[in-house]
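Q: First, the structure itself, so that you have it in front of you.
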Amino acid sequence: MKTNFKLFIMCSIILFASCETNDTPVKENEMATESQETTTENKSLTAKNSTVTNENALRSAVAAAVAGDVITISGTINLTKTLELAKSGSSSSKISLTGGTLNCSGLPSGSWGVKVNGSYWNITNMTIRNAPDCGIVFQNGGYNYVYNVSTLSNGDSGLQIYNGGHDNYILSCKSNDNYDAANAGENADGYACKLSAGKNNVFEKCSANHNSDDGWDLYGQPYTVTIKNCTASNNGFGSNGDGNGFKLGSAGQKVAHTVTNNTATNNLAWGYDGNGNTGHITITGSGGSGNKKGLFTRLY
Ligand SMILES: [Ca+2]
Ligand SMILES: [Ca+2]
Ligand SMILES: [Ca+2]
């Protein structure tokens, strides 16, 4: 009897425990379904497609953007001040800004062309050119996807991520001929993910050609950056341009970056320079030729 009673108690505990663990996922699934329905409903009520051909229409569309919107730029729009992407999409429903050219040559001196403080944007198939400072800057937000965007002839870096910008995925982009004349080329990199950017920023299949400072610059970047299948060529001009293909950190840092299958060609200084960062940098499959100081230096 005693043994049977013990068995009964044990079975009861097991049954109770299994009921408890089964209950939890069901509740979660129910909640997920509910929130998905809400998102779909909101999207169908408010998401819209618009094609814009001038600055006012572009600013209105961007200011009113909600998750699921697609804003298409047709032709060239001449901006007169920085375009701020402050709204956010959602993980299941991004805001798309696509197409055309943003000519930023008419902006006040010191202005960035585009400032992205929001999250969950798709920015695709676009040219951003001639901004007085950086072409496009990502900060604060994250989960932005940038595809086939060219940043050309801007007055500082073409594309910059800093101030906490995280989880940005930069794919098949081009950053050429950026040059900060005011500093004789000291600062304008093709891609700068430096100083204070957040985690999980990735560059893939991008190219940086003929920028006055470096192709890529991870100076002071506190979290791992991934750079794969990218090309840096002919960087370094003006009397102050450093001219590294890939500058991978700075002195006093110990940050491991992942730098895979890249090519550095004909840069003024090094192909790949750890620049004093003592973190272990994986440079699997990366190479290049014609860099004036050599291919690799200060990598651990
Ligand atoms: Ca600047
Ligand atoms: Ca520099
Ligand atoms: Ca630099």
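The values are calculated or read from the model by the stated rules, or taken from the named source; none is laboratory data. From a predicted model like this one, the values you see are computed outputs, not experimental measurements. Here the Cβ positions follow ideal geometry from the backbone for every residue, glycine too, while neighbour counts run over all protein chains shown.
Q: What about Y179, is it closer than 21 Å to S233 by Cα, in contact with a Phe, Trp or Tyr (Cβ under 9 Å, 6 or more places away or on another chain), among the hydroxyl-bearing types (S, T, Y) and in a strand (DSSP E or B)?
A: On the way: closer than 21 Å to S233 by Cα: yes; in contact with a Phe, Trp or Tyr (Cβ under 9 Å, 6 or more places away or on another chain): yes; among the hydroxyl-bearing types (S, T, Y): yes; in a strand (DSSP E or B): no.
No; evaluated as a whole, the condition is false for this residue.
Q: For the stretch 73-92, does any single residue satisfy the condition of being within 13 Å of I123 (Cα to Cα), over 19 Å from the mean Cα position of the chain (by Cα) and at pLDDT 95 or above?
A: yes
Q: How many residues, within the stretch 113-158, are part of a loop (DSSP other than H, G, I, E, B), more than 16 Å from ligand 2 (Cβ to nearest atom) and out of contact with any Leu (no Cβ under 9 Å at 6 or more places or on another chain)?
A: 6
Q: Would it be correct to say that N163 is surrounded by fewer than 20 Cβ atoms within 10 Å (Cβ to Cβ) and either in a loop (DSSP other than H, G, I, E, B) or within 14 Å of ligand 1 (Cβ to nearest atom) (or both)?
A: So N163 passes the test.
Q: Tell me which residues, restricted to the stretch 166-199, are touching a residue at least 40 places away in the same chain (Cβ under 8 Å), on the phi > 0 side of the Ramachandran plot and surrounded by fewer than 17 Cβ atoms within 10 Å (Cβ to Cβ).
A: Once the filter is applied, which keeps residues that are touching a residue at least 40 places away in the same chain (Cβ under 8 Å), on the phi > 0 side of the Ramachandran plot and surrounded by fewer than 17 Cβ atoms within 10 Å (Cβ to Cβ), the stretch 166-199 yields only A184.
Q: Return the residue satisfying two criteria in turn: it lies in the stretch 50-88 and is small (G, A, S) and closer than 13 Å to L102 by Cα, and of such residues it is surrounded by the fewest Cβ atoms within 10 Å (Cβ to Cβ). First the steps, then the outcome.
A: Applying the first criterion (small (G, A, S)) to the stretch 50-88 yields 50, 57, 60-61, 63-65, 67-68, 74-75, 86, 88.
With closer than 13 Å to L102 by Cα added as a condition, the list becomes 74-75.
On the way: S74: 12, G75: 10.
Per the stated criteria, the residue is G75.
Q: Hey, does the stretch 188-196 have a residue that's within 21 Å of N275 (Cβ to Cβ), away from ligand 2 (no atom under 16 Å from the Cβ) and touching a Pro at 6+ places or on another chain (Cβ under 8 Å)?
A: Scanning the stretch 188-196, I find at least one residue that is within 21 Å of N275 (Cβ to Cβ), away from ligand 2 (no atom under 16 Å from the Cβ) and touching a Pro at 6+ places or on another chain (Cβ under 8 Å), so the answer is yes.
Q: So if I check each of N235, N229, N209, which one is in contact with a strand residue (DSSP E or B) (Cβ under 8 Å, 6 or more places away or on another chain), within 21 Å of F296 (Cβ to Cβ) and within 14 Å of ligand 3 (Cβ to nearest atom)?
A: N235
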